[in-house]
Amino acid sequence: YKKIAQLVLKNEYAERNIKLKQPKFSLFEGERLVETEEKEEENLYRVYVHSSLAGVFDNPGEAVKTAYALNGAVRGNDGRFIWRKETVAERNQIMAITGATAGEGKSTLAVCLETVLRFNGVNLNTQTLLESGLSAEEVLEKGLNGGTVLDLTGCPLDSTLYYLNKDIPVISFTEDGEAVLLVGFNDLNTVWMNPANGNVYKVGKNDSADAFEKGGNRFITYVK
């Protein structure tokens, strides 16, 4: 696929009249290394609708919320799908996740984080990490090597079904600030793993949406 260029002259020229000039060469004995300032690559989330770019966001929650409204898709820096509008199953539940109870100095958020990490084969003392000042997202990033952690604050509950359909749990918060882990859904319900009582049970979608809306519609999940 090399490009070929043809020079067309107005008049004929004898070969002896054509001159070929080459640049002069000079010897350089200085340092050839150039130091550049390294910058961390910014995480950007691109929203596409019918293969057309509809927006670029630095906030994954805003990107997913926009794609959800436009029936589009979100891709990350590496081209992986962060979220996309697609048909989900009628029901799905992550059966490997069972009940776990908070207490004895361990918060509901710490239990949810430990459950997510254990589900991915990682054991960390999340309560200690939270008490050290790390956020929930930072704790997940520490444990999920190669995963992209997503703060989907402001997104509707239905948008999280994309992750649950792929066996990816989602952390959310109720009005009292306690964390619960979403592990499944069907046509009428979502399935909670609630560390406050240690049970896994169904909650109607409308009741779930109301509870999470009162909690600020804060969702935390990830893509592998």
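The values are calculated or read from the model by the stated rules, or taken from the named source; none is laboratory data. Keep in mind that this is a model prediction, so the values were computed, not measured. Quick reminder, even Gly has a Cβ in these numbers, built from the backbone with ideal geometry, and neighbours come from all protein chains shown. Surface accessibility is based on the protein's heavy atoms, side chains included, excluding ligands, DNA and RNA. Shrake-Rupley method; radii C 1.70, N 1.55, O 1.52, S 1.80 Å.
Name the residues in the stretch 96-113 that are of a type in the set (A, V, I, L, M) and in contact with a strand residue (DSSP E or B) (Cβ under 8 Å, 6 or more places away or on another chain), would you?
Those that are of a type in the set (A, V, I, L, M) and in contact with a strand residue (DSSP E or B) (Cβ under 8 Å, 6 or more places away or on another chain): ILE97, ALA100, LEU109, VAL111, LEU113.
Tell me which of these LEU53 doesn't satisfy, since it passes every other one: (1) among the aliphatic types (A, V, I, L, M); (2) modelled with pLDDT under 95; (3) part of a strand (DSSP E or B).
All conditions pass for LEU53, except number (2).
Within the stretch 72-106, which residues are within 20 Å of LEU161 (Cα to Cα), of a type in the set (S, T, N, Q), touching a residue at least 60 places away in the same chain (Cβ under 8 Å) and assigned to a loop (DSSP other than H, G, I, E, B)?
Result: THR98, single match.
What number of residues within the stretch 171-208 are open to solvent by 40 Å² or more (accessible area, probe 1.4 Å), small (Gly, Ala, Ser) and under 24 Å from the mean Cα position of the chain (by Cα)?
1
Need the failing condition index for ARG84 against (1) modelled with pLDDT under 95; (2) surrounded by 14 or more Cβ atoms within 10 Å (Cβ to Cβ); (3) among the basic types (Lys, Arg), just the number.
For ARG84, the exception is condition (1).
State yes or no: is VAL149 aliphatic (A, V, I, L, M), under 17 Å from VAL47 (Cβ atoms), touching a helix residue (DSSP H, G or I) at 6+ places or on another chain (Cβ under 7 Å) and modelled with pLDDT of 95 or more?
The answer is no for VAL149.
Suppose we filter the stretch 165-192 for residues that are of a type in the set (S, T, N, Q) and in contact (Cβ under 8 Å) with a residue 40 or more places away in the chain; how many remain?
Residues in the stretch 165-192 being of a type in the set (S, T, N, Q) and in contact (Cβ under 8 Å) with a residue 40 or more places away in the chain: 4 in total.
Among the residues of the stretch 20-47, write down those that are more than 55 Å from the chain's Cα centre (by Cα) and at pLDDT below 75.
LEU20
When the residues of the stretch 114-143 are narrowed to those that are closer than 25 Å to PRO60 by Cα and of a type in the set (Ser, Thr, Tyr), which ends up most open to solvent (accessible area, probe 1.4 Å)?
Top of the filtered list is SER135.
When VAL111 is evaluated against the numbered criteria (1) out of contact with any Pro (no Cβ under 6 Å at 6 or more places or on another chain); (2) crowded, with 16+ Cβ neighbours inside 10 Å, which criterion, by number, is the only one it fails?
(1)
Being among the small types (Gly, Ala, Ser), assigned to a loop (DSSP other than H, G, I, E, B) and without any contact (Cβ under 8 Å) to a residue 60 or more places away in the chain is the filter here, so list the residues in the stretch 135-154 that pass it.
Result: SER135, single match.
State the number of residues belonging to the stretch 17-50 that are loosely packed, with under 10 Cβ neighbours inside 10 Å and either of a type outside the set (Asp, Glu) or in a strand (DSSP E or B) (or both).
Here the count works out to 19.
Filter the stretch 75-113 down to the residues that are of a type outside the set (D, E, K, R) and under 16 Å from ASP158 (Cα atoms) and list them by number.
Those that are of a type outside the set (D, E, K, R) and under 16 Å from ASP158 (Cα atoms): ILE82, TRP83, THR87, VAL88, ALA89, ASN92, GLN93.
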